[in-house]
Amino acid sequence: MADPGRIRVLLVDDHQVVRRGLRTFLEIQDDIEVVGEAPDGKEGVARAEELRPDVVLMDVKMPGVDGIEALRTLRDLDNPARVLVVTSFTEKRTVVPALRAGAAGYVYKDVDPEALARAIRSVHSGHVLLQPEVALALLSQEENGGGQGRGGSLTEREREVLALIADGRSNREIARALVLSEKTVKTHVSNILMKLDLADRTQAALWAVRHGIGA
């Protein structure tokens, strides 16, 4: 029986050696449990639907269905798993589509093992996790994107929520900080995305940083 106190992780990577290395390290973490593996995006989606993990570690470049297509499919299926992209590819043409497809974080395969464990805990808690150069890549792509000039339509409460999103806070943490219910926070987040014409929390956080709100 699964331990409800542990973070259930699915590994999706086409290299067995990589999966084995990740599993070996993660299995020594007291609060993380590897519940399954998949060698490509298609099987990764199927396993995510079957196992309902908390976090999926997803490679981008894989044969057949790649990580970005798998991300889009999981998003369309409304799968609750948080996806942390773990890859060796750093080009903007890879970073930006992955984040737009719904990735909750993006780290490189040479990340320090302890940093990877912290990244898993962070995205599981509802945070958006981006390495600095990844954030810069997305910011440059979004420079001419939606939301320009629309900040004035936000209410004072929505600006407070947006500032906390930019600070990496989860809905639960925002609710606690502002003495609101999580349901109310979710409504505010939805309104922010709609008013700024943004797709997700990642874009909202970066929009806030670019416009001097929050972090």
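The values are calculated or read from the model by the stated rules, or taken from the named source; none is laboratory data. Note that the structure is predicted; figures quoted are calculated from it, not measured. Reconstructed Cβ throughout: ideal geometry from the backbone, glycine too, with neighbour counts over all protein chains shown. These accessible areas exclude ligands, DNA and RNA; they are computed on the full protein's heavy atoms, side chains included. Shrake-Rupley method; radii C 1.70, N 1.55, O 1.52, S 1.80 Å.
To keep it simple, each residue is scored yes or no on (1) aliphatic (A, V, I, L, M); (2) free of Cβ contacts under 8 Å to residues at least 24 places away in the same chain; (3) over 20 Å from VAL107 (Cα atoms).
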residue	(1), (2), (3)
LEU11	yes, no, no
GLN16	no, yes, no
ARG19	no, yes, no
LYS42	no, no, yes
ASP54	no, no, no
LEU57	yes, no, no
ILE68	yes, no, no
ALA81	yes, no, no
THR87	no, no, no
Pairs with Cβ under 7 Å, 6+ apart, first in the range 96-116 and more than 17 Å from ALA81 (Cβ to Cβ), second in a helix (DSSP H, G or I) and open to solvent by less than 40 Å² (accessible area, probe 1.4 Å) = VAL96/ALA137; VAL96/LEU138; PRO97/ILE68; PRO113/PHE25
ask   = Does GLY145 fit the bill of being surrounded by fewer than 18 Cβ atoms within 10 Å (Cβ to Cβ), modelled with pLDDT under 80 and over 28 Å from ILE7 (Cα atoms)?
value = yes
task = Could you check how many residues of the range 49-68 are out of contact with any strand residue (DSSP E or B) (no Cβ under 6 Å at 6 or more places or on another chain), modelled with pLDDT of 95 or more and open to solvent by less than 50 Å² (accessible area, probe 1.4 Å)?
result = 0
request  = Six or more apart or on different chains, Cβ under 7 Å: which pairs go from a residue in the range 193-215 that's among the β-branched types (Val, Ile, Thr) to one that's at pLDDT 80 or above? Could you list them?
outcome  = VAL209/ALA166; ILE213/ARG159; ILE213/LEU162; ILE213/ALA163; ILE213/ALA166
task = Give just the number: which of (1) under 11 Å from the mean Cα position of the chain (by Cα); (2) outside any helix (DSSP H, G or I) does ILE120 not satisfy?
result = (2)
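Take the residues in the range 69-111 that are of a type in the set (D, E, K, R) and at pLDDT 85 or above, then tell me which one is surrounded by the fewest Cβ atoms within 10 Å (Cβ to Cβ).
Our first condition is that a residue be of a type in the set (D, E, K, R); within the range 69-111, this holds for 69, 72, 75-76, 78, 82, 91-93, 100, 109-110.
From what's left, at pLDDT 85 or above: 69, 72, 75-76, 78, 82.
On the way: GLU69: 16, ARG72: 18, ARG75: 16, ASP76: 10, ASP78: 6, ARG82: 23.
My answer is ASP78.
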